[in-house]
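Novice: Quick one: this structure, given as structure tokens, is what I'll be asking you about.
The values are calculated or read from the model by the stated rules, or taken from the named source; none is laboratory data. Predicted, not measured: the structure shown is a model, and the values here were computed from it. Please note: Cβ atoms are built from the backbone with ideal geometry, for glycine as well, and neighbour counts cover all protein chains shown. These area figures cover heavy atoms from the full protein model, side chains too; ligands, DNA and RNA do not enter into them. Shrake-Rupley method; radii C 1.70, N 1.55, O 1.52, S 1.80 Å.
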Amino acid sequence: MSRRQVRGSQRISKSRGRRSENKKILIVAEGVKTEPQYFEGLASHLNAQAVHVISVKPIGTGRDPLSVVREADQRRRQEEQNGDAFDSVWCVVDVDSHATLPSACDLASRNSLSIAVSSPCFEIWLLWHFEEHRAWVTAQALAAKLKKHGVSGKSLPSGFPYAGYSEAKVRAEKCEAVRVIHSPPNPSSSVSDLVAELEAACEGKGRRRS
């Protein structure tokens, strides 16, 4: 994509009165629609069932994994300078055919940023909300499978089953274990780690960065 696209530019602040309860989470992803919509919807779903509030700021860059990590690091530093640092920063990227993925994983590690990698792409995580799938699959085949469940194009339907995230986590765990983060097996997704952190934050158990 030739033109840089960033969604969610508004600044999210923590309420001073509830500072000890809230966890401020930044999620930066490649996609400008699907991933931000998913995490906004999931955060809303989790908050509706929890006492504690999560302030999730999902952003889509429309760019490659290395650019995603750089964007996340820049925004993390900006908020630190503003005196309202994020408690957690996640980069959500795909394997696809990205040549920059190894460099992105290395940069994220050196800058203490968490990274969630999906193979072949984020859509495998979405599919696991509906059905089991453990066989090698292409992005095109995933799109066809999701279409049968009413998910077509880059926008999620209003009735997307966010409550199915628990089943998605179980299905992800049944796949082959990831041994090399920048070269995970197909299919696989460590988005489940990010979702687990969102759950923990809702329960008041989210880890805090020093």
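Novice: How long are the three semi-axes of the equivalent ellipsoid of segment 65-204, in whole Å, if each is the root of 5 times an eigenvalue of the C-alpha gyration tensor, listed from largest down?
Specialist: 26, 18, 14
Novice: Between D106 and R179, with labels modelled 7 Å along Cα→Cβ, what's the label distance in nm to one decimal, could you check?
Specialist: Those two pseudo-labels are separated by 2.1 nm.
Novice: Moving on. For K169, what accessible area in Å² do you get when you roll a 1.4 Å probe over the heavy atoms of the protein chains, rounding to the nearest 10?
Specialist: 40
Novice: Same structure again: Give a residue-ordered list of calculated ³J(HN,Hα) values for segment 117-129 (Karplus: 6.51 cos²θ - 1.76 cosθ + 1.60, θ = phi - 60°; whole Hz; x for Gly, Pro).
Specialist: Per residue, the Karplus-derived 3J(HN,Hα) values read 10, 10, 10, x, 7, 4, 4, 5, 5, 5, 4, 5, 6 Hz.
Novice: Moving on. Can you work out ³J(HN,Hα) from phi for every residue in segment 95-103, in order, using Karplus 6.51 cos²θ - 1.76 cosθ + 1.60 and θ = phi - 60°, giving whole Hz and x for Gly and Pro?
Specialist: Whole-Hz 3J(HN,Hα) from phi for segment 95-103: 7, 6, 10, 5, 7, 8, 4, x, 5.
Novice: Round to the nearest 0.05 the FRET efficiency obtained for E132 and D96 when R0 = 22 Å and r is the Cβ-Cβ distance.
Specialist: 0.45
Novice: Then there's this: Calculate, for A196 and Q140, the FRET efficiency according to 1/(1 + (r/R0)^6) with r their C-beta to C-beta distance and R0 25 Å; round to the nearest 0.05.
Specialist: Efficiency, rounded to the nearest 0.05: 0.30.
Novice: Sequence-distant or interchain residues sharing an amide H contact under 5 Å with V92, placed H: which?
Specialist: V28, A29, E30, A116
Novice: Sticking with the crude label model, points 7 Å out along Cα→Cβ, report the distance from Q78 to K154 in nm, one decimal please.
Specialist: About 2.0 nm, to one decimal.
Novice: For D64, D84, write out the residues from largest to smallest accessible area, computed with a 1.4 angstrom probe and no ligands counted.
Specialist: These residues rank, largest area first, as D64, D84.
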